[in-house]
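Remarks on the structure that follows.
The values are calculated or read from the model by the stated rules, or taken from the named source; none is laboratory data. This structure is a prediction, so every number in the text was calculated from the model and none was measured. For neighbour counting, all protein chains shown are included, and Cβ atoms are generated from backbone atoms with ideal geometry for every residue, glycine included. When the accessible area is computed, the model is the full protein with side chains, heavy atoms only, and any ligands, DNA or RNA have been set aside. Shrake-Rupley method; radii C 1.70, N 1.55, O 1.52, S 1.80 Å.
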Amino acid sequence: MQFEKTPGWLDWYAGPSKPRFTLPAGAVDAHCHVFGPGAEFPYAPERKYTPCDASKAQLFALRDHLGFARNVVVQATCHGADNRAMVDACKASSGRARGVATVRRSITDQELQDLHAAGVRGVRFNFVKRLVDFTPKDELLEIANRIAPLGWHVVIYFEAVDLPELWDFFTALPTTVVVDHMGRPDVSKPIDGPEFELFVKFMRENSNVWSKVSCPERLSVTGPKALDDEQNAYRDVVPFARRIVEQFPDRVLWGTDWPHPNLKDHMPDDGLLVDFIPHIAPTAELQRKLLVDNPMRLYWPEEC
Ligand SMILES: O=C(O)c1cc(C(=O)O)oc(=O)c1
C-alpha cells in the first residue's frame, strides 16, 4: 500500500553526529518507535497522522551509531492497535529490543502470551487528544488488570493540564505506571508553580509511578535546537528534567523518541540529543541508573 505523508511532515535527521557524551555500557534507549515501512506494515485506518517510514534496520543502525546497547520500541499511534511492526522489530533484535503495545479489550489471552514471547512488557494508554480517539476508562482498567499478572506495566501519555482530571484513574492502576515525556510540562511556566508541582506530587505520593525524562525537543520553547553542534540545547527543559532525575533517581528512563513523530519546527540531531543527557543527569551514578539500571529492571528483569 502507498501512503502519503501528512503535509509538513518532518523526516528524521539523516546522518546524526557522534555523541560527545559516552553512554555507559549497556545503555537502553527506552523510548523509540518504528514506522512501517507502510508497504510492509500498513498504517492504521484510524491514525491521526501519516509519517515517513522508519524501519527497524534504521532504528538498529541509530542504536549502534549512538552507542546504545538496547531499545524499547513503543507502539506509535499511527499503527493503532496493530502491533506487527513493533513486534517484528523486537523479534529481529536478537533480544536487544523489548516492546510496549497498544491493545484493545478484545485481545485474547493467547495473543497476550504471544506478545510477551515477542518481548512486549507493557501497554500504552494515550490521552493526547490530537493523537487518539477517547477509549473509555473502564476498558483501560480492564486491560490493566489483565496485563498485571504478566508482570507488565502501563505507559501513559497525557498533557500536563489534564493530570487533575486523570489523577484518580492513574492512581487506581494496579501496575507500575510509566509517564511519557514527563507528563508534557509547559516549561514556560515556573518550575515551582502548581502545574509541575502536581506532577512531582504524583510521583512522590505514588511509588509505582516512573517518568521518562525525554523529548526536550518537544517541550522546549526557547531552544536552542539540537542542531549545528549545539552542546547546550533546550536549556529551558533542563531544570524540569533534572529535578525529576535527582528526586526520583530510581524511577526515571530516557529515550531518543526517534523518529520524533509530529515535530513541526525542526528535527533534532540525535547525537546532540544524547549530549543533552549529562545536563539532566550530571553524575555517573545518576547516568547509570537512568540509562542502564532502571530500564533493565523494568524490561529485562531476568538479567538483573
Ligand atoms: O507527541 C507526539 O506527537 C508523539 C506521538 C507518538 C505516537 O504517535 O505514538 O508518540 C510519542 O511518543 C509522541
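Ordered from longest to shortest, the equivalent ellipsoid semi-axes for the chain are 25, 23, 20 Å, each the square root of 5 times a Cα gyration tensor eigenvalue.
Among Ser214, Ser17, Ser188, the largest mean-square fluctuation in a Gaussian network model of the chain (Cα springs under 10 Å) belongs to Ser188. Stretching the chain fully between Tyr49 and Lys5 yields a gain of 15.1 nm (0.36 nm per residue, less the alpha carbon separation).
Carbon-plus-sulfur accessible fraction, the chain (probe radius 1.4 Å, protein heavy atoms only): 51%.
Between Leu227 and Lys137, the distance separating the two model label sites (each 7 Å from Cα on the Cα→Cβ line) works out to 4.1 nm.
Normalised per residue, the accessible area of segment 85-139 is 48 Å², obtained with a 1.4 Å probe and no contribution from ligands, DNA or RNA. What residue among His116, Gly183, Ala172 has its Cα farthest toward the positive end of the dipole of segment 99-234, where the charges are +1 on Lys, Arg and -1 on Asp, Glu, each on the Cβ? The listed residue farthest towards the positive side: His116.
Among beta bridges from DSSP that stay inside the chain, the antiparallel ones total about 5%. Think of each Lys and Arg Cβ as +1 and each Asp and Glu Cβ as -1; about the Cα centre, that makes the dipole of the chain roughly 320 debye. Computed per residue of the chain from DSSP H runs no shorter than four, each worth -39500 (n - 2.57), the mean residue ellipticity at 222 nm is -8500 deg cm²/dmol. When only the Cβ of Lys, Arg, Asp and Glu is charged (+1, +1, -1, -1), the dipole of segment 139-248 relative to its Cα centre reaches about 280 debye. Computed over the chain with a Gaussian network model linking Cα atoms closer than 10 Å, the most mobile of Arg146, Arg98, Arg251 is Arg146. Within the full protein context, the accessible area of Phe68 is estimated at about 10 Å² for a probe radius of 1.4 Å.
Averaging the sequence gap over all C-alpha pairs within less than 8 Å and six or more residues apart, then dividing by the number of residues, gives the chain a relative contact order of 21 percent.
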